[in-house]
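Asks: Below you'll find the structure I mean.
The values are calculated or read from the model by the stated rules, or taken from the named source; none is laboratory data. Everything quoted here is computed from the prediction, not taken from an experiment. FYI the Cβ positions are ideal-geometry reconstructions off the backbone, even for glycines, and counts take in every protein chain you see. Calculation scope for accessible area: heavy atoms of the full protein, side chains included, ligands and nucleic acids excluded. Shrake-Rupley method; radii C 1.70, N 1.55, O 1.52, S 1.80 Å.
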Amino acid sequence: MNRLRAFLLLTAVALPAAGQSFAITNARIFDGERLIPRGTVVVKDGKIESVGAEVKIPEGVERIDAAGGTLLPGLIDAHTHAFLGGLDRALLFGVTTELDMGTLPAVAAHLREEQSRPGGASGRADLFSAGNLATAPGGHGTQFGLPIPTLSRPEETQAWVDARIAEGSDYIKIVIEDLSAYGKSRPTLSWETVAALVKAAHARGKLAVAHVSTAASARQAIEAGMDGLVHLFTDRAADPGLAKLAAERKAFVIPTLTVLESANGIAAGRTLVEDVRLRGFLVPSEVEHLKTFFPVKTAGGMPVALDTVRQLAAAGVPVLAGSDTPNPGTIHGASLHREMEMLVQAGLTPGQALAAATSATAKAFRLTDRGRIAPGLRADLVLVAGDPLKDITETRSIVRVWKGGVAVNREAGRPPAPAPAPARPR
Ligand SMILES: [Zn+2]
């Protein structure tokens, strides 16, 4: 055991650090948008120096032969909550960035400051965050025990938004939720207040995104000018024309199929536990959490969500991959791989599902330094065995992960093997 630890430490030291250069050769490269069947990526000082089929490799740099494998941009989970941690776990599964949709502003501020330092936060995924979410007094979001400054009138919206920006919120999340889809009831923001919040966010150049859970609220959110929906709905079939409306308004949608499954009484994470490509990296608490789900059901269920995703994709609406981790049945990192699989089940091509977890999310959230493998961008990279463009679940066959050009020591994240039985005293 001690010898193994020493080996792992030596390996960690020997891996390229920020400031060093290396080249990944002979890789199938999905650059976030298109495929280079066989090419090279050169990394220098934590950034992509060059990428392509014919790339000159500077002399003396380490070469990593990726023959047979596929190189992807670091994955981005477009819907998580970070107040319980888990960003280090996300990185083990190739998720190099998470977009938090509601957490304590102090938590987000601390993480933001840490990752903006030279060298960044190489041991965990980066986080961007909505911080406090906009909800009515006693509304959805207030039940989790976090102190949330609520609001109830349109006249309050600009001051409320400005206070969030002062706290550091990267975008404004607006909760439209009366829990009617689940046969319950809770106060929610009036439509006048929702529309005023969108205007107030846009007045400061911030994105406004909506939590919805019904077909009616999804339509109204898009009509109110929301930049995106951070959930789909399963109460009833989408209105005809919803996809066209979303496309016309240039809204994006983060369906969060994983958590919708869980919110329809299905243990969505169970298949991840059974997957040999992931199992060895799951700690016992993650295994247990993946088997859980919400004890509820909705009228439309998953067929509605899958069909709506298909309609949105066909209409050209950007569909982004988000898991809503750590809700029941979801964990940081691994659950994004399940989300991509479900997006393909809904009708996206594997390439579209990969873009949904990389370039499309970066574009929608204006993250200009990541999401693609292109010169000048961060060297957030995932090397997988096999070809996820043919079988999307091959994103789980992770060989190596780099964040900002620094190799991730995945082995150190494996749960410790059960201790051998103590020797009997003679
Ligand atoms: Zn959420």
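Asks: Please state, to two decimals, what the Cα-based radius of gyration of segment 142-207 comes to when divided by 2.2 N^0.38 Å (N = residues).
Replies: On the way: Rg = 12.6 Å, N = 66, 2.2 N^0.38 = 10.8 Å.
Dividing the Cα radius of gyration by 2.2 N^0.38 Å gives 1.17.
Asks: I've got another one for you. Can you tell me the mean projection area, over all orientations, of the convex hull of segment 141-277's alpha carbons? Units nm², please. If you can, show how the numbers build up before the last one.
Replies: Working: hull surface 41.2 nm².
Averaging across all directions leaves 10.3 nm² for the Cα convex hull.
Asks: Follow-up question, since we're still on this one. Can you list residues whose amide H is under 5 Å from ASP100's amide H, if they're 5+ apart or on another chain and H is modeled 1.01 Å from N?
Replies: THR80, PHE128, SER129, ALA130
Asks: So, with a 1.4 angstrom probe, what is the percent of accessible area on segment 223-336 that is carbon and sulfur? Can you show the working numbers first?
Replies: On the way: 2460 of 4120 Å².
That fraction is 60 percent.
Asks: Around ALA374, what is the net charge, scoring Lys/Arg as +1 and Asp/Glu as -1 over all other residues with Cβ under 15 Å from its Cβ?
Replies: Details: positive: ARG34, LYS44, LYS47, LYS363, ARG370, ARG372, ARG378; negative: ASP31, GLU33, GLU49, ASP369, ASP380.
With Lys, Arg at +1 and Asp, Glu at -1, the neighbours total +2.
Asks: Output the relative contact order of the chain, whole-number percent, from Cα pairs under 8 angstrom with separation of 6+ residues. Mind dumping the intermediate values first?
Replies: On the way: 987 pairs, mean separation 82.4, N = 426.
Over the chain, the number comes to 19 percent.
Asks: I need the per residue convex hull volume for the chain, using only the alpha carbons, in cubic angstrom as a whole number.
Replies: 151
Asks: Just to compare against my own numbers: the Cα pair-distance distribution for segment 48-120, 5 Å bins, whole % per bin, please.
Replies: Taking every Cα pair in segment 48-120, the percentages come to 3, 11, 17, 19, 14, 11, 10, 8, 5, 1.
Asks: Magnitude of the Cβ-charge dipole of the chain, K/R +1 and D/E -1, about the Cα centre, nearest 20 debye?
Replies: Rounded to the nearest 20 debye, it is 820 debye.
Asks: What translational diffusion coefficient, to the nearest whole µm²/s, does segment 242-338 have by Stokes-Einstein, given a Kirkwood radius computed over alpha-carbon pairs, a temperature of 4 °C and 1.567 mPa s viscosity? Provide the component values of the computation, followed by the final result.
Replies: Details: Rh = 14.2 Å.
Taking Rh from Cα pairs, D becomes 91 µm²/s.
Asks: Pairs of lysine in the chain with Cα under 15 Å and at least 8 positions apart or on different chains: total?
Replies: Values: LYS44/LYS56; LYS44/LYS403; LYS47/LYS403; LYS173/LYS199; LYS173/LYS206; LYS184/LYS297; LYS206/LYS363; LYS250/LYS363.
For the chain, the number of qualifying lysine pairs is 8.
Asks: Now for a separate question. Suppose we look only past 22 Å in the calculated P(r) of segment 21-176. What percent of the Cα-Cα pairs does that tail hold?
Replies: Of all Cα-Cα distances in segment 21-176, 54 percent exceed 22 Å.
Asks: Pop a pseudo-label 7 angstrom from the Cα along the beta-carbon direction at both LYS199 and ARG236 and give the gap in nm to one decimal.
Replies: 3.0
Asks: Apply the Karplus parameterisation 6.51 cos²θ - 1.76 cosθ + 1.60, with θ equal to phi minus 60°, to every residue of segment 284-296 and state each ³J(HN,Hα) to the nearest whole Hz, in sequence, with x for glycine and proline.
Replies: Here the 3J(HN,Hα) series is x, 5, 5, 4, 5, 5, 5, 8, 8, 7, 7, x, 9 Hz.
Asks: ³J(HN,Hα) across segment 301-307 via Karplus (A = 6.51, B = -1.76, C = 1.60, θ = phi - 60°), whole Hz, x for Gly/Pro?
Replies: Values, residue by residue: x, 5, x, 4, 5, 5, 5 Hz.
Asks: Taking amide H positions as placed 1.01 Å from N in the peptide plane, with prolines and chain starts having none, which residues 5 or more places from ALA321, or on another chain, fall under 5 Å of its amide H?
Replies: Here the answer is ALA78, ALA357, since their amide H atoms fall under 5 Å of that of ALA321.
Asks: Of the options THR103, THR234, GLY123, report the single residue whose Cα projects farthest towards the positive end of the charge dipole of the chain (beta-carbon charges: Lys, Arg +1; Asp, Glu -1).
Replies: Going by the Cα projections, it comes out as GLY123.
Asks: Per residue, how many Å² of accessible area does the chain show with a 1.4 Å probe?
Replies: Values: 17670 Å² over 426 residues.
It amounts to 41 Å² per residue over the chain.
Asks: Taking Cα atoms of segment 273-399, Rg/Rh with Kirkwood Rh, to two decimals? Please report the intermediate quantities before stating the final value.
Replies: Values: Rg = 15.5 Å, Rh = 15.9 Å.
Rounded to two decimals, Rg over Rh is 0.98.
Asks: From the square roots a ≥ b ≥ c of the eigenvalues of the alpha-carbon gyration tensor of segment 60-101, which class results: rounded (a/c under 1.5), prolate (a/b over b/c), or oblate? Working shown, then result.
Replies: Details: a/c = 3.39, a/b = 2.55, b/c = 1.33.
In terms of gyration-tensor shape, prolate.
Asks: Another question, if that's okay. Shape verdict for segment 308-382, please, from the Cα gyration tensor: rounded (a/c under 1.5), prolate (a/b greater than b/c) or oblate.
Replies: Values: a/c = 1.96, a/b = 1.22, b/c = 1.61.
In terms of gyration-tensor shape, oblate.
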